[in-house]
Amino acid sequence: MKIDTLVRDNIKKMSSYSSARDDYKNGYDENLIYLDANESPFENGINRYPNNKHNDLKTVVSKIKNIEKDQVVFGNGTDEILDLIVRVFCNPNEDKIITLPPTYGMYDVIAKTNSVENIEIPLKNNFSIDKNKILSLSSVKTKVLFLCSPNNPTGNSFDINDLNDLIKDFKGIVVVDEAYIDFSSQKSLISLIDKHDNLIITQTMSKAYGMAGIRLGMGFSNKNIISYINKIKTPYNVNTLTENKVLKELSKTDELKNNISLILNQRKVLISSLEKLDFVQKTYKSDANFLLVKVDNADLRYNQLLKKGIVVRNRSNQYLCQNCLRITIGTGEENKIFIKTLNEL
Ligand SMILES: *Cc1c(COP(=O)(O)O)cnc(C)c1O
């Protein structure tokens, strides 16, 4: 596929912002006097602009993910990367994206912000992908297909053959949003970025890695696509505090593994407790750190829980999610209180 023909003309033609430290390429050396970027000269640890190539972070992340440094882009959360993808490929009022509701709400918000039509092709009743419908509704205008796997709010991973077929057959960019991949029994598709020129994988520090507050999202793709995203992103979109904190946290690999396995255990405990409640009609299978649960009356149960000090997400207004609550897996202690509270309702 000719990816360059999918890129908006204005973006192909432009050159990216050139910052002071792009002209001076030798990296930051504290023995030099820097009078090039209008920063404050008074050292406090954050008076300098961040390295806009995020070299240290790229080295560490690309090693963990077993890919090359030029196959990585960072964003102020995944949300920024998703927005950048739409802006690289979709001409406002002309091109379209495809999403599969019920799914992550930001895709639609990003489409609307960019004046790009969002063609919604609902999942089937069992939350699987309607592959044939997607392919039949795609055209030269449907530039980007968003696949969220494991999917939020349904919790399931999509069938690996469906994902593979769509990456292969869809005539545009395929984004696989793997925000919850660390909780999944299914493997990441990151190893496929070398094999397909249209595939972008997104992951985040916000969920399993426990760093939602620092806002770091990651995009992985071939270096052609990554270079287009880099071209339009603001140069300092990831700040020094975030970069330093992530580097520190990423070294705690045992803690990460341990936390994930605690969540997976609690997921099991929560499922079996929920299934014993008579107002719970169905607990959907989950590959994520949350459960989608169908109850008798979601509004009622949501408000009852709120009165007892427990906040869940009411997803009732989402397609295929009538009377469904989305419940994040908390600590063992939190889940005990949650179950006790449910039993008292
Ligand atoms: C939580 C979530 C994200 C993460 O977004 P960040 O901006 O990185 O916090 C991305 N995609 C989905 C589907 C999510 O649920």
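The values are calculated or read from the model by the stated rules, or taken from the named source; none is laboratory data. In this text the structure is predicted, and so the values were computed from the model without any measurement. Note: ideal-geometry Cβ built from the backbone for every residue, glycine included; neighbour counts use all protein chains shown.
Considering every residue within the range 173-181, establish whether at least one is acidic (D, E) and either in contact with a Ser or Thr (Cβ under 6 Å, 6 or more places away or on another chain) or not in a loop (DSSP other than H, G, I, E, B) (or both). Yes: the range 173-181 contains one or more residues that are acidic (D, E) and either in contact with a Ser or Thr (Cβ under 6 Å, 6 or more places away or on another chain) or not in a loop (DSSP other than H, G, I, E, B) (or both). Within the group K63, K12, K58, K53, which residue is assigned to a loop (DSSP other than H, G, I, E, B) and in the same structural domain as Y104 (by TED's automatic domain parsing)? Only one candidate qualifies: K53. For the range 298-343, filtered to residues that are part of a strand (DSSP E or B) and basic (K, R), the residue that is nearest to L274 (Cα to Cα) is R326.
Take V73 and tell me if it is closer than 17 Å to S206 by Cβ, more than 12 Å from the ligand (Cβ to nearest atom) and in contact with a strand residue (DSSP E or B) (Cβ under 9 Å, 6 or more places away or on another chain). Criteria met by V73. The set of residues in the range 335-344 that are farther than 21 Å from D287 by Cβ and either within 26 Å of the chain's Cα centre (by Cα) or surrounded by 13 or more Cβ atoms within 10 Å (Cβ to Cβ) (or both) comprises K336, I337, I339, T341, L342. The residue of the range 120-150 that is surrounded by the fewest Cβ atoms within 10 Å (Cβ to Cβ), among those that are more than 16 Å from the ligand (Cβ to nearest atom) and closer than 23 Å to Q322 by Cβ, is N125. The residue list T341, T331 contains one member that is in contact (Cβ under 8 Å) with a residue 60 or more places away in the chain and either of a type outside the set (D, E, K, R) or in contact with a Leu (Cβ under 7 Å, 6 or more places away or on another chain) (or both), which is T331.
Show the residue pairs that are 6+ apart or on different chains and have beta-carbon atoms under 8 Å apart, the first residue being within the range 258-282 and among the aromatic types (F, W, Y), the second being not in a strand (DSSP E or B). Pairs that qualify, where the first residue is among the aromatic types (F, W, Y) and the partner is not in a strand (DSSP E or B), are F279/D296; F279/N297; F279/R301; F279/L345. Just the residues that are within 9 Å of the ligand (Cβ to nearest atom) and farther than 25 Å from T253 by Cβ, please, taken from the range 195-227. Listed by number, the list is empty, since nothing qualifies. Taking the listed residues N222, N265, N297, the one that is at pLDDT 95 or above and either closer than 25 Å to L57 by Cβ or in the same structural domain as V7 (by TED's automatic domain parsing) (or both) is N222, with no other qualifying.
Could you say whether any residue in the range 70-84 is assigned by TED's automatic domain parsing to the domain that holds D177 and either assigned to a loop (DSSP other than H, G, I, E, B) or over 29 Å from Y209 (Cβ atoms) (or both)? Yes. Report, by residue number, each residue of the range 77-107 that is surrounded by fewer than 20 Cβ atoms within 10 Å (Cβ to Cβ), within 12 Å of the ligand (Cβ to nearest atom) and farther than 18 Å from I201 by Cβ. G105 - this is the single residue of the range 77-107 that is surrounded by fewer than 20 Cβ atoms within 10 Å (Cβ to Cβ), within 12 Å of the ligand (Cβ to nearest atom) and farther than 18 Å from I201 by Cβ. Consider Q186 carefully, then state whether it is touching a strand residue (DSSP E or B) at 6+ places or on another chain (Cβ under 6 Å) and of a type in the set (S, T, N, Q). It is false that Q186 is touching a strand residue (DSSP E or B) at 6+ places or on another chain (Cβ under 6 Å) and of a type in the set (S, T, N, Q). Does N38 qualify as being free of Cβ contacts under 8 Å to residues at least 40 places away in the same chain and in the same structural domain as T242 (by TED's automatic domain parsing)? Answer is no for this residue.
Taking every residue in the range 163-191 that is touching a residue at least 60 places away in the same chain (Cβ under 8 Å) and under 17 Å from E80 (Cα atoms) and pairing it with any residue that is assigned to a loop (DSSP other than H, G, I, E, B) and charged (D, E, K, R), at least 6 positions away or on another chain, the pairs with Cβ-Cβ distances below 9 Å are A179/K207. When G155 is tested against (1) within 16 Å of the ligand (Cβ to nearest atom); (2) in a helix (DSSP H, G or I), exactly one condition is not met: (2).
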